[in-house]
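I have placed the structure first, in the form of C-alpha cells, so that the comments after it can refer back to it.
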Amino acid sequence: MSGSTERLWVSLVNSSGFRRVTESGIGASVLESDVARQASMARRYASSYYYARKDSARFQNMKTFCLFIGHTKSGSSMLGSMLDAHPNAIIADGSDALQYVPAHFSKEQLFHILLKCSRREAMKGRATARRLTPYSFEIPDQWQGRYEKLQVVGDTTSETAIRHVAANPHLLDNLRRMMRGVDVKYIHVIRNPFDPIGVMRVRGKRTIEDAVDRYFGACQMLADARQHIDDSDVFAVRYEDVISRPEDHLRAVCSFLDLTADEAYLQACINMLDTSPHQNRRMVEWDPHWINVIEQKIKQFDFLEGYSFDN
C-alpha cells in the first residue's frame with residue numbers, strides 16, 4: 001500500500017462514521033464473526049509474509065521484543081508512545097501481538113505487522129480514549145511510526161495479552177521459541193485500581209460488581225503469568241511515578257531495553273505529558289462499601305501495595 005493510499009485508509013477507519021458502523025449491532029457482529037476473523041488473519045499472514053521476505057534486511061539489527069502486560073487504562077499507551085518516539089524502537093498500540101503466535105506467524109511477520117500498526121498510529125496522532133475524552137500522545141519532531149536503526153519492537157495490548165496467556169499457559173514458551181535469537185522482555189505499568197475500574201464503569205457501562213470482578217480477575221491472571229517469567233525480564237513501573245518523575249523512569253525503561261536516551265528525546269517526551277495524574281475514579285460516584293471491598297482486594301496482590309482510594 002502506497003503512502004498516500006495508506007493515509008486515505010487511516011483517515012477512513014479513524015472517522016466517526018466508520019466507527020459508528022463497525023460498533024453498531026450489525027457491523028460488530030459481521031466483524032467479530034469467525035469467518036471475518038479467519039479471513040482477516042489469512043490476509044495478514046499473506047501480506048506480512050510477502051513484506052517480511054521482500055525486505056528481510058529490515059530486522060537484521062533486532063535485539064528485543066517488548067510486550068506490555070497489566071491492565072487496560074493503566075498507562076501502557078502513554079509509556080508505549082514515548083518508547084515509540086525513540087529512533088531505535090517501534091512500539092505498536094493495541095495490536096494484540098500474542099494472537100499471531102498460535103497462528104504460526106514468524107517473528108519477522110509479527111515485526112512487520114507491529115511496524116505497520118505503529119506507522120498508522122502515528123498518522124492518527126497517537127490518539128486514544130476516543131470513547132471518553134480523546135487525547136493524543138503524539139510527540140513532535142521525534143520518531144513515532146518510523147525508526148533510524150531498529151533494535152526494539154513491541155506492543156502495548158497489556159490486558160488482552162494476559163488473557164491470552166490465561167487461556168493458553170504454554171503461550172509464553174511458544175513466544176520465546178518464536179523469538180529465537182531475540183530477547184523477550186515485559187513491561188508492567190501499574191496504576192491505582194480505582195482509576196481503571198472507574199473507566200470500566202463509564203466507558204464499558206459495567207456495574208461496579210462486574211468492573212471489580214473483571215479487574216481483580218485480570219490481577220490473578222497476571223500473578224499466574226508472572227510465575228512463568230524471570231523477574232529479570234520484567235520492568236514494573238507505576239503510572240503515577242512516571243508522571244511525577246518522567247525523566248528518571250523513562251531513562252530507566254530505556255536502559256532496561258538497552259536503548260540510549262539522549263536529552264532531546266527525553267525532553268520531547270516530557271513535554272508531551274500532563275504533569276498531574278488523571279484520577280479517573282472521580283468520574284463516578286462511589287459507595288463506601290465498594291471502596292472497602294476494593295481496598296481489601298488490593299492487599300492480595302503485592303504489585304498493588306500502598307494503593308487506596310485516596311492514594
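In Å², and per residue, what accessible area does the range 45-126 have when probed at 1.4 Å with the other protein chains present? Intermediate values should be presented prior to the final figure.
Values: 2740 Å² over 82 residues.
On a per-residue basis, the range 45-126 sits at 33 Å².
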Intensity falloff of the range 36-125 expressed as log10 I(q)/I(0), Debye formula with alpha-carbon point scatterers, at q = 0.14 Å⁻¹: -0.53
Positive-end residue of SER106, SER33, ALA167, charge dipole of the chain with Cβ unit charges: SER33
Anchor LYS73: aspartates and glutamates whose Cα lies under 17 Å away (excluding residues fewer than 8 positions away in-chain): ASP93, ASP96, ASP155, GLU159, ASP195, ASP210, ASP213, GLU240, ASP241, ASP274
Value of relative contact order over the chain, rounded to a whole percent, pairs C-alpha under 8 Å and six or more apart: 21 percent
Within a Gaussian network of the chain (alpha carbon springs, distance under 10 Å), most fluctuating of VAL202, VAL35, VAL242: VAL35
Selected from SER136, SER33, SER158 as most flexible by GNM, with the chain as the system and alpha-carbon contacts under 10 Å: SER33
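Nothing charged except the Cβ atoms of Lys and Arg (+1) and of Asp and Glu (-1): what's the magnitude of the dipole of the chain about its Cα centre? Round to the nearest 20 debye.
Working: 40 positive and 39 negative charges, 257 e Å.
It works out to roughly 1240 debye.
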Counted charge near TYR100, where neighbours are those whose Cβ lies closer than 14 Å (Asp, Glu -1; Lys, Arg +1): +3
The range 99-201, Rg to Rh (Cα coordinates; Rh as Kirkwood inverse mean 1/r): 0.99
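What shape does the range 174-311 have by the C-alpha gyration tensor, where a ≥ b ≥ c are the square roots of the eigenvalues, rounded means a/c under 1.5, and otherwise prolate means a/b greater than b/c and oblate the rest?
Numbers: a/c = 2.34, a/b = 1.36, b/c = 1.71.
Oblate, because a/c is 1.5 or more while a/b does not exceed b/c.
Can you run the Rg to Rh ratio on the range 268-311? Use alpha carbon positions and the Kirkwood inverse-distance Rh. Before the final figure, lay out the partial values.
On the way: Rg = 14.0 Å, Rh = 12.6 Å.
Result for the range 268-311 is an Rg/Rh of 1.11.
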√(5λ) per eigenvalue of the Cα gyration tensor, the chain, largest first, Å: 29, 23, 21
HN-Hα J in Hz across the range 189-199 - Karplus 6.51, -1.76, 1.60, θ = phi - 60°, x for Gly and Pro: 8, 10, 9, 3, x, 5, 6, x, 5, x, 5
The chain, accessible surface, carbon-and-sulfur percent (1.4 angstrom probe): 48 percent
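The values are calculated or read from the model by the stated rules, or taken from the named source; none is laboratory data. Every value quoted in this text rests on a predicted model; they were computed, and no experiment measured them. Counting neighbours? That spans all protein chains shown, and the Cβs are built from the backbone with ideal geometry, glycine included. Side chains are part of the model used for accessible areas, which takes the heavy atoms of the whole protein and leaves out ligands, DNA and RNA. Shrake-Rupley method; radii C 1.70, N 1.55, O 1.52, S 1.80 Å.
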